[in-house]
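Each remark here refers to the structure printed beneath this line.
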Ligand code: SF4
Ligand code: SF4
C-alpha cells in the first residue's frame, strides 16, 4: 500500500501551486529515487476539450507547469500531451487548438518543455489484462520512461467519478475511443477496460488538481466547485479512492475502483490507506453534487436530452456518438434511442452544455 498526499492550496497563483505541489511530491512519492538526468517524462494531462482553464474541465496550467518544473529540476526532459475527445480525431490541428485553449502553449513557452504532436499510435499487449489484452495507444507514451497522470477532480455522468485512472483513457487515440465505448458498452466492461489501460500505462505518479473541481454533470457540463485541494500518489487507484471519499462518494460505488479491488490493485479497507499532509477528518468540504443521473442503479435507463435553446447545431455530438444514434434533420437533433449505449460522449463534448441526462425516454428530442 502506498501513501496519498493531500494538501490545501487556495488558488492557482503559480508560486503557491509550485511550493505546495513540489513539497507534496517530495513527502508522498518514491519517484525521486527512480529519476535520472535525461529521463523522458510524459505528462498525460486531462486536456479533454479545447476549454479555457476557468471552465474546470481540464487540468489547470499552473498545476501542469508545477509538474513540468518538478521534473525539469531533476534533469528530466518533459513532454505534455493528451489525445482529446475531439470528434475531428487525433490530429495536429486538434492538438494545436486544445493546447492553445487550455494554456499548455503558454507553459511550453515559459518552461521550454515539449508539447506532443506525434499523432501516430501503436498496438501494445499486456497479458495480465482482463478485458483487452491488445490496446491501441498513442505512440508518445511508449517512448517515455515515466508517465504522469495529471487529472482533474470531477464527477462523471457515466462513471460517477473521474480522476487519475479515467484520465488515462486519453491515451487511446482520437476517434478510436468511440469504438472502445461501443465495444465495451456495459459499464462493467468499460470499467474493466479502464483498469486494463491503467495497468498497461502504469503511471509512475498520479496527481489530481482539485483546487477547482467539477460537480454535478461532469466531466464537462457540471458546475465549478472550489475545493482548494491538491492530491498526489504513486498509486492511481488509492489516489482516486481518497479523492472520491473526500468529495462524498463511496469508492465501492465507483465501478472502476470496485474492479481494481477485485483485482487486488486497491485495498477494500480504504481507511487504512496512509495519508500524508492533511488529516481527512479536518477537511471541511461538503459533498460534491452527483450527476443528474449516475450509474449507481444500473437498472435505470437514462438517455440524453437536448436543449434546443442552447443547441447551435454544431454537430459535435453527432460526430462523437459511437453507435451513430444521433443525426440532424430539419435543423433539429434527432435521436434513435434504441441505439444509445449511454456513454454520454455527446454530453461530454457538447460545447454549449445543451445536453442533459434524464431518466426517461423520448424518440425525438426536439
Ligand atoms: S447538442 Fe451540443 S454538440 Fe450537439 S449539435 Fe447541439 S450544440 Fe452541438
Ligand atoms: S446519444 Fe450520446 S449517450 Fe447515447 S450513444 Fe450517442 S453519444 Fe452515447
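The values are calculated or read from the model by the stated rules, or taken from the named source; none is laboratory data. Remember, predicted model here, so these are calculated numbers, not experimental data. Quick reminder, even Gly has a Cβ in these numbers, built from the backbone with ideal geometry, and neighbours come from all protein chains shown.
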Single match in 118, 145, 134 (criterion: more than 20 Å from the chain's Cα centre (by Cα), modelled with pLDDT of 95 or more and under 19 Å from residue 207 (Cβ atoms)):
145
Selection status of residue 135, within 28 Å of residue 244 (Cα to Cα) and in contact with a strand residue (DSSP E or B) (Cβ under 6 Å, 6 or more places away or on another chain)
yes
Within the stretch 17-49, count every residue that is crowded, with 18+ Cβ neighbours inside 10 Å, over 14 Å from the mean Cα position of the chain (by Cα) and under 24 Å from residue 92 (Cα atoms).
2
Consider residue 179 carefully, then state whether it is touching a residue at least 40 places away in the same chain (Cβ under 8 Å), surrounded by fewer than 23 Cβ atoms within 10 Å (Cβ to Cβ) and assigned by TED's automatic domain parsing to the domain that holds residue 272.
yes
Failed condition for residue 324, given (1) within 25 Å of the chain's Cα centre (by Cα); (2) more than 12 Å from ligand 1 (Cβ to nearest atom); (3) surrounded by 13 or more Cβ atoms within 10 Å (Cβ to Cβ); (4) at pLDDT 90 or above, with all others met?
(3)
Residue check, residue 15 against (1) in a helix (DSSP H, G or I); (2) farther than 30 Å from residue 220 by Cβ; (3) without any contact (Cβ under 8 Å) to a residue 40 or more places away in the chain, all met but one. Which one?
(2)
Which residue pairs have Cβ atoms closer than 6 Å, lie 6 or more positions apart in sequence or on different chains, and pair a first residue in the stretch 349-363 that is assigned to a strand (DSSP E or B) with a second residue that is within 11 Å of ligand 2 (Cβ to nearest atom) and modelled with pLDDT of 80 or more?
355/304; 355/306; 355/346; 355/347; 356/305; 357/157; 357/304; 358/305
Kindly indicate whether any position in the stretch 124-137 is in contact with a helix residue (DSSP H, G or I) (Cβ under 8 Å, 6 or more places away or on another chain), under 30 Å from residue 215 (Cβ atoms) and free of Cβ contacts under 8 Å to residues at least 60 places away in the same chain.
no
How many of the residues making up the stretch 253-265 are part of a helix (DSSP H, G or I), under 22 Å from residue 5 (Cα atoms) and more than 19 Å from the chain's Cα centre (by Cα)?
1
Could you count how many residues in the stretch 173-201 are in contact with a helix residue (DSSP H, G or I) (Cβ under 6 Å, 6 or more places away or on another chain) and not in a helix (DSSP H, G or I)?
1
